[in-house]
Structure formats: structure tokens, C-alpha cells
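**Student:** Mind having a look at this structure? Questions to follow.
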Amino acid sequence: MREVLILGAGRVSAPLIRYVRALPDTRVTVADSREGAADVTLDVTDAQALSEAIAGKQLVVSMVPPTFHPMVARPCLDHGAHLVTTSYTSPEIRAFDEEARDKGLLILMECGEDPGIDHMSTKRLIDGIHDEGGTIDAVRMYCGGLIDWAANRNPFHYKFSWSPKGVFLAARADGIYLENGEAIRKPGGPDLFRDPGFVEIPGAGTFETYPNRDNRIYPGLYGIPHVRSFYRGLLRFPGWCSMMRVLGELGFFELEPEEDFRGTTYAGALRRRLGLGDADALRPAIAQRLGLSPDDNALARLAWAGLFDDAPVEIERGALMDALVARLERKLPYEEGERDMILLHHEIDATIDGKKQRHLATLIRTGDPHPGETAMARAVGYPAAIAAELVLEKRTDLTGVHIPMAPEIYGPILDGLAKLGIEFDESVVPA
């Protein structure tokens, strides 16, 4: 009997759990920090309890927040368990590469939707172009976890299909991409959302885009180290970036200091943050400070969310980001029957036999409201689940720390996703 531990039973874990539990000769234990949410209750910061949970397992699939993955990887290496996650590869995880190779273990990172499916589909296109003797001139990749058009009825034009706090933690990361050989940096925080780009996605419409983390490492990983233009960007409905910029400028992206919110309203917390008196009209004061009109659309969105109200903050202690997340979790949940949408679009400019071509790949999928599984849960959970299957069936010899760039990984995963209805529409047009 193959023993698997899945850590985390949150928003995107259900398809993963169901898929792996259906594998033959496989026993799955699901652990979560929330009592009653899984088979066992486990705090991954309890090193002894975590080690005991991993002992005897052949594979661990970690769906916990990214900061916890290094403390999960350590006992995996100690007990001889492979590790699969859907999160970005941190320097702390990369430091385990040599030890994992020595022990014959695979730590497969970035095996979800973004990062994950985006890597695999793009790498397959690139490898196909190389097989034809072509060269890659530019890569542009776009990804969005959005609300379906029919459910897009709130001023944020957004609802949470993954970790709400993760949305704002990601806003703290620098966005860096390559344009004609130059590294363009947009610092994390409010500046990340200044002057967003716009992209037209076939069959979907026009969206704002801003760079997704540091893109400079990927050309080498994709086997195109000399490419001069490389962009990975996130997609949002228009107006998102101006609102996020205002949130950042008001301090809602900050993790420190921890504040005592007992007896505090959202308006009071903002007044305290901005050094305003109780008698100051909050929205006009913010507009003046940020150089905006009081009826600016971004401020209207924040007002709709209740951030200017004399309503009590829902948490007792935390940073301003935690107070924001608590409010938006109440304002932006998916209602029964509403669908989310995932949208991935790749454009790869190539030269083959002296001809300039643009290779396009687009994936648009919505969730199914009846079983209650979001498109995001499927797009994140299924790649990790198929990767777990590959590892358990010993269909890969990879060891060390990897992302899914090898054909022996991305090929079976993309084929498996296609059988589950997650497949790109691909085309080639003149560049």
C-alpha cells in the first residue's frame, strides 16, 4: 500500500484529494490546521508532529502557504518522502537540491495553475518550435484567476477562488520582466500597479496586466537563455490596478505592525494609520492626500467594501492587511451557483525557416457550480494530482528540486489534463 500525505484541505484541494484517493493501492491521509477540516488536525509549525505525520509516507503533497514548504521539505528528506507543491520555488527550497539528489528524492515545485500549467504549456510550445529547427524571439504569458462574466456584479470585479491573503501577499513582490534585452522592474507594493498594460485575449476581451514576480530566471529554465523579451503577467478586469495602488498607498499591503483592533472601526483604523483626527472627513482627506478626486472609481470601490465605514474591524489583532482580508472575505465570497474563471494565454514569437510566426495558446475554463468545485481548484489541484501519480508509479527518474519543465513531467500532466477537459486552443499566425 502506497502511503500519501496531503497537507492542506483549503479552497483548491478537493480535486487533488479526490484524484489521489482514487488511485489503486494508495492510502491518503489529509491533514489540516483547522480542527474537523480533514482526516487529522496538524500544525505544520509543530516539527515533531509534522515529522511523525510524514514518517512512513512515500509522497507528500503540500498545499500549505509557501512560507511553510521548507519546514515540510526537511522531514520529507529525513524520512525518504518525495514532495510535490503548487508554490513558487524559494531560495530555501533550492538549498535542498543536492541533498534530495543524493537521497534519490524529487521535490517538484510550481506544479499548479500559475505557476504550473503556464510553465508546462509554454515549454511544450517552445520544445515543438525547437524540434522544427526554429528560434524563439519573444515570450509573453498571461494568467488570471477571475470571476465569470455572468457573476461579475460587484465593483471589485473579483471574488476569491484561492487564498485571499495570498492575493495581497503577492502584491508585495517585485515584478521584473525582459523587454528588448532590458530588465524592467516594477517594485512590489503600490508601484507594481502603476501604468498597467492592456492585452486583448481572443474570445475573452481586454484585460489589465502587470508583471508576475521576477521573470529573469525563466528563460534559462525554458531552454531559451538568449531570448531578449520575456514577460509573465497577471490578468485582471480593468480598474483593478488603480484600486490596488490605492490600497497599497493606504498601507493595506503591510504586514507590520500588528495592531490591536478591539473597539476599532475600519474608518478609525484608517484615520489612525493616516494620522487624521476623528472629525476629519475620511474619504475627502484620502483623496486629497493621494491626489485623487473624491469620486474616483478606486475610492468608490473601497467605499463599497466598507473600508471607510464606522463598522467594527472583524479581527482583534493583526496587521492592516489582515483587517482588509477579513472584510473582503465577507464581501467577496462566491455565492451558490456562481462560477469562477481561469484564463491563460501565451504568445510566442518564433522564426522558422526564415519566417516570423506567432504561436498562440489560450485556455478559458469556468467552474462547475453544482459540485461546488471552482475552475481554480481544478487547475491547481489536478496538475499536482497527476504529478503525484507519476511519482507513485515511478514514471520519472528525476531527483532534486525541479519545476515541471521536463517532457517526462509536462507531457503526461498536460495529456491527463486534456482528458479532464483542461486543454489549450493552439494556433499559429504570421508575426
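**Student:** Could you please state, rounded to a whole Å, how far the C-alpha centre of the range 1-77 is from the C-alpha centre of the range 230-244?
**Tutor:** 33 Å
**Student:** What ³J(HN,Hα) values, in whole Hz, does the Karplus curve 6.51 cos²θ - 1.76 cosθ + 1.60 give for the range 161-177 when θ = phi - 60°, with x put for Gly and Pro?
**Tutor:** 10, 9, 3, x, 5, x, 4, 8, 5, 5, 5, 7, 7, 4, x, 10, 9
**Student:** For all pairs of alpha-carbon atoms in the range 12-128, what percent lies in each bin of width 5 Å, listed from the first bin to the last filled one?
**Tutor:** Whole-percent P(r) values from 0 Å outward: 2, 10, 20, 22, 21, 15, 6, 2, 1, 0.
**Student:** Moving on to the next point. Over all pairs of distinct alpha carbons, what does the Kirkwood formula give as the hydrodynamic radius of the range 341-395, in Å?
**Tutor:** Kirkwood hydrodynamic radius for the range 341-395: 14.1 Å.
**Student:** Probe radius 1.4 Å, ligands and nucleic acids ignored: give me the carbon and sulfur share of the accessible area of the chain as a rounded percent.
**Tutor:** 48 percent
**Student:** Now a separate question. Relative to the Cα centre, what is the charge dipole magnitude of the chain, using +1 at the beta carbon of each Lys and Arg, -1 at the beta carbon of each Asp and Glu, and rounding to the nearest 20 debye?
**Tutor:** So the magnitude is around 400 debye.
**Student:** OK, next. State the answer as a single residue: which of Ala53, Asn152, Ala31 lies farthest towards the positive end of the charge dipole of the chain, with beta carbon charges of +1 for Lys and Arg and -1 for Asp and Glu, about the Cα centre.
**Tutor:** Of the options given, the answer is Asn152.
**Student:** Compute the Rg/Rh shape ratio of the range 78-225: radius of gyration over Kirkwood radius, all on alpha-carbon atoms.
**Tutor:** My calculation of the ratio gives 0.99.
**Student:** Continuing with the same structure: Per q in 0.13, 0.14, 0.19 Å⁻¹, report the Debye log10 I(q)/I(0) for the range 166-307, using one uniform scatterer on each alpha carbon and no solvent.
**Tutor:** -0.68, -0.76, -1.15
**Student:** For the range 64-158, restrict the atom set to alpha-carbon positions and state the Rg and Dmax in Å.
**Tutor:** Answer for the range 64-158, Rg first and Dmax second: 18.1, 53 Å.
**Student:** Quick one: how many Å² of Met71 are accessible to a 1.4 Å probe, rounded to 10?
**Tutor:** Here the accessible area works out near 80 Å².
**Student:** For the range 38-43, just list the computed ³J(HN,Hα) in residue order, Karplus coefficients 6.51, -1.76 and 1.60, θ = phi - 60°, integers in Hz, with x standing in for Gly and Pro.
**Tutor:** With the stated coefficients, the range 38-43 comes to 8, 4, 9, 9, 8, 9 Hz.
**Student:** Which three numbers, in whole Å and largest first, are the semi-axes of the equivalent ellipsoid of the range 202-279 derived from its Cα gyration tensor as √(5λ)?
**Tutor:** 39, 18, 10
**Student:** Next up: Using a probe radius of 1.4 Å on heavy atoms only, what accessible surface per residue do you get for the range 7-113? Whole Å² is fine.
**Tutor:** Per-residue accessible area for the range 7-113 comes out at 44 Å².
**Student:** Just read off the accessible area of Trp162 with the full protein assembly in place, 1.4 Å probe, to the nearest 10 Å².
**Tutor:** Approximately 90 Å² for this residue.
**Student:** Relative contact order for the range 310-431 using alpha-carbon pairs under 8 Å, separation at least 6, rounded to a whole percent?
**Tutor:** Reported as a whole number, the value is 25 percent.
**Student:** Moving to a separate point now. Pairs of alpha-carbon atoms within less than 8 angstrom and 6+ residues apart define the contacts here; what relative contact order does the range 132-228 have, in percent?
**Tutor:** After rounding, I find 26 percent.
**Student:** Give, in whole angstrom and from largest to smallest, the semi-axes √(5λ) of the equivalent ellipsoid of the range 288-345, with λ running over the eigenvalues of the Cα gyration tensor.
**Tutor:** 24, 20, 12
**Student:** If you don't mind, another one. Would you mind checking which residues have amide H under 5 Å from Asp340's amide H? H placed 1.01 Å from N; only 5 or more apart, or other chain.
**Tutor:** Asp148, Gly367, Ala375
**Student:** So what J values fall out for the range 91-105 if you push phi through Karplus, 6.51 cos²θ - 1.76 cosθ + 1.60 with θ = phi - 60°, rounded to Hz, Gly and Pro as x?
**Tutor:** After applying 6.51 cos²θ - 1.76 cosθ + 1.60, I find x, 5, 6, 4, 5, 8, 4, 4, 5, 5, 4, 4, 9, x, 10 Hz.
**Student:** Return one quarter of the surface area of the convex hull spanned by the alpha-carbon atoms of the range 268-371, equal to its mean projected area, in nm².
**Tutor:** 12.3 nm²
**Student:** Could you state the per residue volume, in Å³, of the convex hull enclosing the Cα atoms of the range 161-205?
**Tutor:** So the per-residue Cα hull volume is 115 Å³.
**Student:** Too long at a 19 Å Cα-Cα cut-off: which of Lys57/Lys394; Lys103/Lys123; Lys57/Lys165?
**Tutor:** Lys103/Lys123; Lys57/Lys165
**Student:** Continuing with the same structure: On the principal axes of its Cα set, how long, how wide and how thick is the range 127-214? Give whole Å, largest value first.
**Tutor:** Principal extents (Cα only, largest first): 48, 31, 23 Å.
**Student:** How big, on average over all directions, is the shadow cast by the Cα convex hull of the chain, in nm²?
**Tutor:** Projected area, direction-averaged: 21.8 nm².
**Student:** Find, among the trypsin sites (Lys or Arg not before Pro) in the range 121-178, those assigned to loop by DSSP (not H, G, I, E, B) with at most 13 other beta-carbon atoms within 10 angstrom.
**Tutor:** Counting only loop positions with at most 13 other Cβ atoms within 10 Å, the trypsin sites (Lys or Arg not before Pro) in the range 121-178 are Arg153.
**Student:** Given a Förster distance of 60 Å, report the FRET efficiency between Glu256 and Val428 from their Cβ-Cβ distance, rounded to the nearest 0.05.
**Tutor:** For Glu256 and Val428, the calculated efficiency is 0.75.
**Student:** In addition: If you average over every viewing direction, what projected area does the convex hull of the Cα atoms of the range 303-431 give, in nm²?
**Tutor:** So the Cα hull casts an average projection of 14.0 nm².
**Student:** Okay, next question. Return one whole number: the accessible area per residue of the range 120-268 in Å², for a 1.4 Å probe.
**Tutor:** Here the per-residue accessible area is 39 Å².
**Student:** Can you list the lysines whose alpha carbon is less than 24 Å from that of Lys159, not counting same-chain residues fewer than 8 positions off?
**Tutor:** Qualifying lysines at Cα under 24 Å: Lys331.
**Student:** Against the globular-protein guess of 2.2 N^0.38 Å, express the Cα radius of gyration of the range 1-62 as a ratio, rounded to two decimals.
**Tutor:** The value comes to 1.05.
**Student:** Principal axis lengths of the range 56-106 from Cα atoms, whole Å, largest first?
**Tutor:** 24, 22, 15
**Student:** Can you list residues whose amide H is under 5 Å from Asp174's amide H, if they're 5+ apart or on another chain and H is modeled 1.01 Å from N?
**Tutor:** Gly188
**Student:** Tell me, what is the percent relative contact order of the chain, built from C-alpha pairs under 8 Å that lie six or more residues apart?
**Tutor:** Here the relative contact order equals 21 percent.
**Student:** Add -39500 (n - 2.57) for each DSSP H run of 4 or more in the chain, then divide by its residues: what number comes out at 222 nm, to the nearest 500 deg cm²/dmol?
**Tutor:** Theoretical 222 nm ellipticity from helices: -9500 deg cm²/dmol.
**Student:** What GluC sites (Glu not before Pro) in the range 1-91 are in a loop by DSSP, with at most 12 other Cβ atoms within 10 Å of the Cβ?
**Tutor:** Answer in residue order: Glu35.
The values are calculated or read from the model by the stated rules, or taken from the named source; none is laboratory data. Keep in mind that what you see is a predicted model, and the values were worked out from it rather than measured. Neighbour counts run over all protein chains shown; Cβ positions are idealised from the backbone, glycine included. These area figures cover heavy atoms from the full protein model, side chains too; ligands, DNA and RNA do not enter into them. Shrake-Rupley method; radii C 1.70, N 1.55, O 1.52, S 1.80 Å.
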